[in-house]
Amino acid sequence: MPVSAGPRGAADQPSLAGRVALVTGASRGLGAAIALGLAARGAAVAVNYHASRARAEEVVRAIEDEGGKAVALPADVADPDACAELVAGTIANLGGLDVLVNNAGITKDSLIYQQEPADWLAVMRVNFGGVVNCTRAAMGTMLRQRSGSIVNISSVMGIRGWVGESPYAASKAAINAFTRCTAVEAARFGVRANAVLPGFAATDLVAGLTTKNGGRGILRQIPAKSFAGPEDVANVVAFLAGPGAAYMTGSLVTVDGGASAVLGVGAPLG
Ligand code: NAP
């Protein structure tokens, strides 16, 4: 007997219909793709930006052009008060908060012996501080409503070493630990927290690495032999944010074309 596809019904509903999401650093790069991906699945989206207001407004327009709902909201995620206002602004404009994607991030690459203290502190304040500040700001609402999904954008750098990346890698390792603790504290309230660990995606952030020699130096080390497209990361974030991942919390999910799985560059046998 052929297996029937079944009647059209709940499975055909967009997975995030009726949900409200806040994505930090959504004016460009992975954050913009994540905001578009969540909106495509039915969520109303607060598109946070720091410096790039016009680009955030473009993301909002793109969502509205597809019939979705979005608002651009400024905040420096390194500032706890600004994050509290950001969460309040999301709720005021979109009517709630169900999904928080802590995506905003910067890097200041330097060798350890040449590092300026101000540089590693700036990276920690934005990358790790941003996750802490926005999680704290959002958690009261999520715990009270007994539901919510937090997705933190970490990096494979948080589980591997790389020359010149110590502040960035340390900030991402801190995010990994914080994600697990958030998951453990919030689980009994029905709130989930997971992290996505991208490998290399060709955005402004890593343009120095991905464009040097056509990116060949990095591509040799990625089993999939390609960089991630922003939508490759956005698809996994949308899954973790939605009901399909209802039993996932405290997970660190790599999206890296196998980069963190490989021991080193090896030749095929034979
Ligand atoms: P990107 O293209 O440089 O975009 C960074 C985003 O973060 C921008 O929207 C920027 O907003 C925002 N941002 C920076 N500082 C901020 C602050 N203080 N407050 C609020 N927003 C701020 O970087 P990306 O590659 O998309 O990276 C996004 C996330 O993915 C980061 O957490 C990064 O560490 C992570 N990641 C990226 C890769 C990769 O290969 N690209 C790999 C692993 C992990 P404005 O322009 O408005 O300032």
Against the definition (within 16 Å of the ligand (Cβ to nearest atom) and hydrophobic (A, V, I, L, M, F, W, C)), how does Ala183 come out, yes or no? no
Take Arg160 and tell me if it is away from the ligand (no atom under 12 Å from the Cβ) and on the phi < 0 side of the Ramachandran plot. no
What pairs come up if the first residue lies in region 156-185 and is free of Cβ contacts under 8 Å to residues at least 24 places away in the same chain, the second is in a loop (DSSP other than H, G, I, E, B) and among the hydroxyl-bearing types (Ser, Thr, Tyr), and their beta carbons are under 8 Å apart, counting only those six or more places apart or on different chains? Ala169/Ser155
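Of all residues being among the polar types (S, T, N, Q) and in contact with a Gly (Cβ under 8 Å, 6 or more places away or on another chain) in region 188-220, which is farthest from the ligand (Cβ to nearest atom)? Just the residue, please. If you could, list the steps in order and put the result at the bottom.
Initial filter on region 188-220 (among the polar types (S, T, N, Q)): 194, 203, 210-211, 213.
Checking the rest, the ones that are also in contact with a Gly (Cβ under 8 Å, 6 or more places away or on another chain) come to 194, 203.
Numbers: Asn194: 15, Thr203: 3 Å.
Out of the qualifying residues, it is Asn194.
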Asp79 - would you say it is surrounded by fewer than 21 Cβ atoms within 10 Å (Cβ to Cβ), farther than 23 Å from Arg192 by Cβ, at pLDDT 95 or above and touching a helix residue (DSSP H, G or I) at 6+ places or on another chain (Cβ under 8 Å)? yes
Please count how many residues of region 70-97 are charged (D, E, K, R), out of contact with any His (no Cβ under 8 Å at 6 or more places or on another chain) and closer than 22 Å to Arg28 by Cα. 2
Going through region 56-100 in order, the residues found to be among the polar types (S, T, N, Q) and closer than 16 Å to Asn133 by Cα are Thr90
Among residues of region 95-106, those that are within 14 Å of the ligand (Cβ to nearest atom) and surrounded by fewer than 21 Cβ atoms within 10 Å (Cβ to Cβ), counted: 1
Listed by range, helices (runs of 4 or more DSSP H) wholly within region 160-241 having at least 1 residues that are surrounded by 23 or more Cβ atoms within 10 Å (Cβ to Cβ) and touching a Leu at 6+ places or on another chain (Cβ under 9 Å) are 166-186, 230-241
Can you give me the number of residues within region 133-151 that are among the β-branched types (Val, Ile, Thr) and either surrounded by fewer than 20 Cβ atoms within 10 Å (Cβ to Cβ) or farther than 15 Å from Ala183 by Cα (or both)? 1
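Consider region 108-150. How many of its residues are closer than 26 Å to Ala241 by Cβ, away from the ligand (no atom under 11 Å from the Cβ) and touching a residue at least 60 places away in the same chain (Cβ under 8 Å)? Steps first, please.
Just the residues of region 108-150 that are closer than 26 Å to Ala241 by Cβ, to begin with: 123-150.
Okay, now just the ones that are also away from the ligand (no atom under 11 Å from the Cβ), so 124, 132, 135-150.
So of that shortlist, the ones also touching a residue at least 60 places away in the same chain (Cβ under 8 Å) come out as 138, 149.
Selection size over region 108-150: 2.
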Contact list, first residue from region 203-232 and closer than 19 Å to Gly164 by Cα, second anywhere and assigned to a loop (DSSP other than H, G, I, E, B) and among the hydroxyl-bearing types (Ser, Thr, Tyr), beta-carbon distance below 9 Å, six or more apart or interchain, is Leu205/Thr107; Val206/Thr107; Thr210/Thr203; Leu219/Ser226
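The values are calculated or read from the model by the stated rules, or taken from the named source; none is laboratory data. Here the structure is a predicted model, which is why all the values come from computation and not from measurement. Counting neighbours? That spans all protein chains shown, and the Cβs are built from the backbone with ideal geometry, glycine included.
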